[in-house]
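These notes concern the structure reproduced below.
The values are calculated or read from the model by the stated rules, or taken from the named source; none is laboratory data. What you see is a predicted model; the values in this text were computed from it and never measured. As a convention, Cβ positions derive from the backbone with ideal geometry for all residues, glycine included, and neighbour counts pool all protein chains shown.
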Amino acid sequence: GLGNGTLINLQTKKTIGLHENNAEIWSVCLSPNEELCATASEDQTTCIWKVDQEQERIATLTGHTTAVTGVQWKSERIYTCADDRTVRVYNTQLNQYNCLYVLHTPKSLFGWFTLTYLQVDEDQKLIICTTQNGYLVIWRD
């Protein structure tokens, strides 16, 4: 991205996509087959794009109430984390992109924080996020 919501293929120099309102893209990942990519943005959305097509948005995932800060694509699921302190898990089967469930951070975490980075293990049993104030949050799926 360019800091203005533009996603560019550096090999072809073509614009892949543009988020609404020039919102910054904070994270990006490829689908397992590398034909699609997902972008997490400050506009509270995660967008799915065709990598080899210019500006072809396949889907827009919604539900977070603040900036989406991390995204990861594993098998038939997309995982997102956001400043709203939640992780959302979306199903990608049949290109439906519906939200399967939402994970909330424990109430025992103190102080102001946001979820900043996201990682999911290969077996999709552990979802790990870091927080802006130094916590590590782990969910078992």
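Filter the stretch 26-41 down to the residues that are in contact (Cβ under 8 Å) with a residue 40 or more places away in the chain and crowded, with 21+ Cβ neighbours inside 10 Å, then identify the one that is farthest from Thr69 (Cα to Cα). Walk me through it before giving the result.
Of the residues in the stretch 26-41, the ones in contact (Cβ under 8 Å) with a residue 40 or more places away in the chain are 26-32, 38, 40.
Adding the requirement that they be crowded, with 21+ Cβ neighbours inside 10 Å leaves 38, 40.
Numbers: Ala38: 12, Ala40: 6 Å.
This residue is Ala38.
Being among the β-branched types (Val, Ile, Thr), surrounded by 20 or more Cβ atoms within 10 Å (Cβ to Cβ), modelled with pLDDT of 95 or more and in contact with a strand residue (DSSP E or B) (Cβ under 8 Å, 6 or more places away or on another chain): is that true of Val102 here?
Details: among the β-branched types (Val, Ile, Thr): yes; surrounded by 20 or more Cβ atoms within 10 Å (Cβ to Cβ): no; modelled with pLDDT of 95 or more: yes; in contact with a strand residue (DSSP E or B) (Cβ under 8 Å, 6 or more places away or on another chain): yes.
Here the answer is no, as Val102 does not meet what is asked.
Considering only residues that are closer than 20 Å to Ala67 by Cβ and not in a strand (DSSP E or B), look in the stretch 97-120 and name the one that is farthest from the chain's Cα centre (by Cα).
Gly111
Would you check if there is a residue in the stretch 85-96 being part of a strand (DSSP E or B), among the basic types (Lys, Arg) and either in contact (Cβ under 8 Å) with a residue 12 or more places away in the chain or touching a Ser or Thr at 6+ places or on another chain (Cβ under 8 Å) (or both)? Show your work before the answer.
Here is the first cut: in the stretch 85-96, the ones part of a strand (DSSP E or B) are 86-91.
This time we only want the ones that are among the basic types (Lys, Arg), so: 88.
Those left that are additionally either in contact (Cβ under 8 Å) with a residue 12 or more places away in the chain or touching a Ser or Thr at 6+ places or on another chain (Cβ under 8 Å) (or both): 88.
Yes, that holds for at least one residue.
On the given criteria, is Tyr135 on the phi > 0 side of the Ramachandran plot, of a type in the set (Ser, Thr, Tyr) and either at pLDDT below 95 or surrounded by fewer than 19 Cβ atoms within 10 Å (Cβ to Cβ) (or both)?
In short, no.
Taking the stretch 121-130 as the search range and keeping residues that are under 20 Å from Ala67 (Cα atoms) and free of Cβ contacts under 8 Å to residues at least 24 places away in the same chain, which one is surrounded by the most Cβ atoms within 10 Å (Cβ to Cβ)?
Taking the stretch 121-130 as the starting set, the residues that turn out to be under 20 Å from Ala67 (Cα atoms) are 127-130.
When the remaining residues are screened for being free of Cβ contacts under 8 Å to residues at least 24 places away in the same chain, the result is 128, 130.
Values: Ile128: 15, Thr130: 19.
This residue is Thr130.
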